[in-house]
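Encoded as structure tokens, the structure appears first; notes follow it.
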């Protein structure tokens, strides 16, 4: 039976590069079938949704996120704290979350927040947290390195696990916070991981995200994603019909010597680009060697052989590159490998690229390499090295560029916060840290949609709203493009009132009517 959905009476931004806006679209069998001014249903069983004049965008694609690690977060995550900007707002989120969680269970926010984001420039006090959640332990932390903040129940819980906590409920930055993470994680079982992963999918959809490029996890302290078992939760969720969002997997490698055991096991025993429209192995990334080794100058010789093996097998490769020195040194190796094994058709990318310069961008263009430019300095960025992403320079160069968050362990998951940073140049505390490299709202949305398919060789499937592409879109709570109605600060509060993946409603706030959520089939 034909699965047909028609959406009418909206301001639907196709993000085709020409500024095209239409009022109606149809989606058939999971893909856009028609778009225009008055698209009509073709079949008698078509579902029709009145968009009531809302602004609609293609489903957002985060091309560099550590999403699966959020399933390992202990307790019940409070991701909405990412967009709380006062103590009162934060306490409201905590109160609301407590209402939906059984008494005695941990409420947590680990990563994605910073005390300076609140107008008061601090975490909520122990007493304030006690008042907001008197029957739940509450633990807040800047990622796994802290500092952390607790209420009385969480303070007692951590102290009982051998973690020192100050009289004020603060867990000191550094080893004490790492110990807190590890202690809380010991009671986090597989069922908790399934619950947390499913909850994070729902949250991502509520923000308009429909596709996540997962970069695994390579840091043991703070949620290590085991390379052998770490992907079991999403496989189980898929088998149970509980995968409402698309995920593309990039497999990290951590070889330390020339025998390349980790890489060769991946290349020899993993089906390249295997999967379906919902879940697919996309490539290698964001590492080929451990972080400590990959920052060496020069890089160890065996890195060249790693790169050569990936190129010869024809895999997509995304590489974490923070500083300009790292970028230049890795490109040197790529250029050497390119002499014997051209990489231009392999869709490789340099990820993060803070402080990149025009010369390095031109070297990447010559190789046919793209850039994944990320807004993660929003949370802890400053004017100091390694700097911020030079969005304006990168876009003007003409290189293939996509966007991502590097969330959610050290950055936020919320894409609208990422957009705020890109268009305003301001960080979580409102400080102007990227003043000369801001870009327009249209431009930041463009790099989070249309070019993203290039990075996983799926240009025909994903990115914008066009006949034949995935039927993924988000109906927004406010008109992102109207600068008079939505200030830069207010961008951070935008959500999706309805998110559609493959022509199926997978998130609905109720503002457009009572449209039931549907299962996304794996094709």
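The values are calculated or read from the model by the stated rules, or taken from the named source; none is laboratory data. Note that the coordinates shown come from a computational prediction; the quantities given were computed from them, not determined experimentally. Every residue, glycine as well, gets a Cβ built from its backbone with ideal geometry; the counts of neighbours run over all protein chains shown.
Inside the range 404-523, counting only strands (runs of 3 or more DSSP E) that do not spill past its ends, which hold 3 or more residues that are surrounded by fewer than 23 Cβ atoms within 10 Å (Cβ to Cβ)?
504-508
Which one of 125, 177, 197 is crowded, with 18+ Cβ neighbours inside 10 Å and modelled with pLDDT of 95 or more?
Of the residues listed, the single one that is crowded, with 18+ Cβ neighbours inside 10 Å and modelled with pLDDT of 95 or more is 197.
Any residue at all in the range 10-32 that's part of a strand (DSSP E or B), farther than 24 Å from residue 452 by Cα and touching a residue at least 60 places away in the same chain (Cβ under 8 Å)?
no
Report, by residue number, each residue of the range 339-363 that is in contact with a helix residue (DSSP H, G or I) (Cβ under 6 Å, 6 or more places away or on another chain) and assigned to a helix (DSSP H, G or I).
360, 361, 363
Could you please find all residues in the range 338-362 being within 23 Å of residue 264 (Cα to Cα) and surrounded by fewer than 22 Cβ atoms within 10 Å (Cβ to Cβ)?
338, 339, 340, 341, 342, 343, 344, 345, 346
Does the range 317-325 contain at least one residue that is under 22 Å from the mean Cα position of the chain (by Cα) and farther than 22 Å from residue 248 by Cα?
yes
Quick one: which helices (runs of 4 or more DSSP H) lie wholly within the range 216-327 and hold at least 3 residues that are closer than 21 Å to residue 456 by Cβ, touching a helix residue (DSSP H, G or I) at 6+ places or on another chain (Cβ under 6 Å) and at pLDDT 95 or above?
Hits in the range 216-327: 301-313.
Please specify each residue of the range 226-265 satisfying the condition of being in contact with a strand residue (DSSP E or B) (Cβ under 7 Å, 6 or more places away or on another chain), buried (at least 20 other Cβ atoms within 10 Å of the Cβ) and touching a residue at least 40 places away in the same chain (Cβ under 8 Å).
Selection gives 234, 243, 244, 245, 246, 247, 248, 250, 253.
Among the residues of the range 482-507, what is the count of those that are within 13 Å of residue 418 (Cα to Cα) and more than 18 Å from the chain's Cα centre (by Cα)?
Here the count works out to 3.
Going through 306, 375 one at a time, which residue ends up being more than 23 Å from residue 62 (Cβ to Cβ), crowded, with 21+ Cβ neighbours inside 10 Å and in the same structural domain as residue 260 (by TED's automatic domain parsing)?
Exactly one of 306, 375 is more than 23 Å from residue 62 (Cβ to Cβ), crowded, with 21+ Cβ neighbours inside 10 Å and in the same structural domain as residue 260 (by TED's automatic domain parsing), namely 306.
Out of all the residues in the range 54-61, is one or more in contact with a strand residue (DSSP E or B) (Cβ under 8 Å, 6 or more places away or on another chain), assigned to a loop (DSSP other than H, G, I, E, B) and in contact (Cβ under 8 Å) with a residue 40 or more places away in the chain?
yes
Determine whether residue 2 is closer than 30 Å to residue 320 by Cα and either under 26 Å from the mean Cα position of the chain (by Cα) or surrounded by fewer than 20 Cβ atoms within 10 Å (Cβ to Cβ) (or both).
In short, no.
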